[in-house]
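Everything on this sheet refers to the single structure shown next.
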Amino acid sequence: MKAALQLLLGLTAYAAMMVPAARAQAPAPPPPVPDGPRYIVVYLEVMPTATAGAVSLVRQFRDATRKEAGNLRAEALQRIGQLNQLVLLEAWKDQAAADTHAKAAATAQFRDKIKAIQNAPIDERVHFPLSVGPIPAKGGGAAVAAVTHVDVIPPQRENGTAITKQLAEDGRKDDGNLRFEAVTQTNRQNHFTVIELWRDRKAADVHSMAAHTRAYREKLGPASGALYDERFYRVLN
């Protein structure tokens, strides 16, 4: 009986010591989502046999989106090497404008048409700006876009935010860069999307080998919560 009581007291004392340690390791709560522009990335994957029809649909939807109140930019991208994967990039004046677009009849109709030919559900991610350049920046001709999803573990959110912001600020200075944006997901602030536009693929490759890019990847490695998901696209005219 005495031994059991001593064991119980010992476990209680150990648990009491572990509570402050657990609290110390808990990540800081994310700050409130700021007001202002919203950057929306919509990933689409359709059946390979439906690629041509999907491209036509996204072009029509993009053109209609550009005419909506509060829209700052709307673009459609097609993945290089996997033509049945498409991305819509939208920038809105604020959350209210983005919400109005999401509830519009045209948006519902577009989603219904895509659903009929999709290989995977639509994946939409809403962001606020972390480090962005001029919104009107456009690409054409040989320009290539890169869209990368960056995920860091929650305790590394502040570190991930700082190094991803620095990546964008450095990237905009690289030769051949037309746009370099880092944006933070509103509902998961340890998730980021990096959106790049380059004069051509050679410029993108040179950037990938730059010292600051490689340093970013080194710093990101221990903090990463998922595979560094970089995908290259052509801009649909």
| message | Order 105-112, 142-149 from most to least packed using the mean count of other Cβ atoms within 10 Å. | response | 142-149, 105-112
| query | What are the ³J(HN,Hα) values, in whole Hz, obtained from phi via the Karplus relation 6.51 cos²θ - 1.76 cosθ + 1.60 with θ = phi - 60°, for each residue of the stretch 125-138 in sequence order, with x given for Gly and Pro? | reply | 10, 9, 9, 10, x, 9, 8, 9, x, x, 5, x, 3, 10
| Residues with beta-carbon under 10 Å from that of Ile122, excluding Ile122: net charge, scoring Lys, Arg +1 and Asp, Glu -1? | -1
| message | Ranking request for peptides 73-86, 220-233: highest mean number of other beta-carbon atoms within 10 Å first, then the rest in descending order. | response | 73-86, 220-233
| field | Length released on extending from Val33 to Glu218, taking residue separation times 0.36 nm less the Cα-Cα span | value | 63.8 nm
| Could you work out the helix-only [θ] at 222 nm for the chain, with each DSSP H run of four or more residues adding -39,500 (n - 2.57) and the total divided by the number of residues, to the nearest 500 deg cm²/dmol? | -13000 deg cm²/dmol
| query | Which one is right for this structure if Rg and Dmax of the Cα atoms in Å is calculated from it: (1) 22.0, 83; (2) 20.4, 68; (3) 16.6, 48? | reply | (1)
| message | With θ taken as phi - 60° and the coefficients 6.51, -1.76 and 1.60, list the Karplus ³J(HN,Hα) couplings across the stretch 77-94 in order, rounded to whole Hz; mark glycine and proline as x. | response | 10, 10, 5, 6, x, 9, 5, 8, 10, 10, 9, 9, 10, 10, 10, 10, 4, 6
| message | If you roll a 1.4 angstrom probe over the protein chains with everything in place, what fraction of the accessible area of the stretch 59-159 belongs to carbon and sulfur, to the nearest %? | response | 53
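The values are calculated or read from the model by the stated rules, or taken from the named source; none is laboratory data. As the structure is a prediction and not an experimental result, all values here were calculated from the model. With ideal geometry, Cβ positions are generated from the backbone for all residues, glycine too; neighbour counts draw on all protein chains shown. Quick note on the areas: whole protein, heavy atoms, side chains included, nothing else; ligands and nucleic acids left out. Shrake-Rupley method; radii C 1.70, N 1.55, O 1.52, S 1.80 Å.
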